Amino acid sequence: MAGETVTASSYIQHHLQNLTFGNHPDLGWTFAHSAKEAQEMGFWAVHVDTLGWSVALGMLFLWIFRKAAKKASTGVPGGLQNFVEIMVEFVDTSVKETFHGRNKVIAPLALTIFCWIFLMNLMDLVPVDFLPRLFQIITGNDHAYFKVVPTTDVNATFGMSLSVFALIIYYSIKVKGVSGFAGELTLQPFGKWMMPFNLLLEGVGLIAKPISLALRLFGNLYAGELIFILIALLPFWVQFALSVPWAIFHILVIVLQAFIFMMLTIVYLSMAHEDH
């Protein structure tokens, strides 16, 4: 956006637009150069920045924990081993207190969810102009879009929540059977004479699980990013006075939202394992 008169509105819109790649009706397979072009690419357009940062941060999580596991010692542990052990014990305790079934997948899944979402949320603390401007310099395109917080993209949060939803359905059918799961949706809470009403109530409750998971995480992080962008529009001395306190407060939001997503996943999967 260099060389142009940048208004507050255009600055905000630019920072909230993803780097989108897709098949444009007139331009073919290309990167979108505006929000309008991204919209015209349709449903199958890909947010390259969201996918790239999600994969990179997921690999960072795996590398850190693998490194700690390879260097684990029964003697005096190092700082990395201490950190990893604290994280594993924290998640393990949360699973033991909340999950009432027997499943070896739940604890690793909960650990992955918490650490991965925490790392993605943590990107919100990087100055809003630093990485996007660096990307523009590298690509030589002063108009390039580049969002670095994957959890501010509703596509990413819905992708994670739908994965959890698929596990809920899978374990519900595996534990209860098809007839048991169907009975749970149609016979509760008012018995067989109210099956349509029961299905409506239980169906809404079931569908609300992935929607609430996705929108809660997205809404909190999107609002936090937007506040950082608004602060960046202010004079420098005001930026420093506001950004530091907000960043400190936002650390709590970052950790809390990762924890909530993890705990709700454990609760939902625990409910799926309960055989009525």
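Summary of computed values
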| quantity | calculated |
| --- | --- |
| The lone exception for Ser212 - which of (1) among the hydroxyl-bearing types (Ser, Thr, Tyr); (2) closer than 30 Å to Phe99 by Cβ; (3) touching a helix residue (DSSP H, G or I) at 6+ places or on another chain (Cβ under 6 Å) it fails | (3) |
| When residues of region 4-52 are limited to those that are among the β-branched types (Val, Ile, Thr) and modelled with pLDDT under 90, the one nearest to Tyr222 (Cα to Cα) | Ile12 |
| Residue check for Tyr145: touching a Leu at 6+ places or on another chain (Cβ under 7 Å), over 22 Å from Met262 (Cβ atoms) and either without any contact (Cβ under 8 Å) to a residue 12 or more places away in the chain or among the hydroxyl-bearing types (Ser, Thr, Tyr) (or both) | yes |
| Selection from region 75-97 of residues that are surrounded by 12 or more Cβ atoms within 10 Å (Cβ to Cβ) and small (Gly, Ala, Ser) | Gly78, Ser94 |
| Single condition Ser163 does not satisfy, out of (1) over 17 Å from Ile113 (Cα atoms); (2) free of Cβ contacts under 8 Å to residues at least 24 places away in the same chain; (3) not aliphatic (A, V, I, L, M) | (1) |
| Flag for Lys104 being of a type in the set (D, E, K, R), at negative phi and within 25 Å of the chain's Cα centre (by Cα) | yes |
| Subset of region 1-60 [in contact (Cβ under 8 Å) with a residue 12 or more places away in the chain and part of a strand (DSSP E or B)] | Thr20, Phe21, Gly22, Asn23, His24, Phe31, Val46, His47 |
| Members of region 258-271 found to be crowded, with 22+ Cβ neighbours inside 10 Å and within 14 Å of the chain's Cα centre (by Cα), listed by number | Ala258, Phe261, Met262, Thr265 |
| Checklist (1) under 20 Å from Thr152 (Cβ atoms); (2) surrounded by fewer than 16 Cβ atoms within 10 Å (Cβ to Cβ); (3) of a type outside the set (A, V, I, L, M, F, W, C) applied to Gly22, failing item | (2) |
| Answer from Ala72, Ala110 - the residue that is over 30 Å from Gln13 (Cα atoms) and buried (at least 20 other Cβ atoms within 10 Å of the Cβ) | Ala110 |
| Matching residues in region 170-212 - criterion: being under 24 Å from Gly159 (Cα atoms) and surrounded by fewer than 15 Cβ atoms within 10 Å (Cβ to Cβ) | Tyr170, Lys174, Gly203, Val204, Gly205, Ile207, Ala208, Ile211, Ser212 |
| Qualifying positions in region 114-142 - exposed (fewer than 14 other Cβ atoms within 10 Å of the Cβ), touching a residue at least 24 places away in the same chain (Cβ under 8 Å) and not in a loop (DSSP other than H, G, I, E, B) | none |
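Let's see how each residue does on (1) out of contact with any Asp or Glu (no Cβ under 6 Å at 6 or more places or on another chain); (2) without any contact (Cβ under 8 Å) to a residue 12 or more places away in the chain; (3) assigned to a loop (DSSP other than H, G, I, E, B):
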| site | (1), (2), (3) |
| --- | --- |
| Val84 | yes, no, no |
| Glu89 | yes, yes, no |
| His100 | yes, no, yes |
| Lys104 | yes, yes, yes |
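The values are calculated or read from the model by the stated rules, or taken from the named source; none is laboratory data. Quantities reported herein were computed from a predicted structural model and do not represent experimental measurements. Every residue, glycine among them, receives a Cβ derived from its backbone with ideal geometry; neighbour counts consider all protein chains shown.
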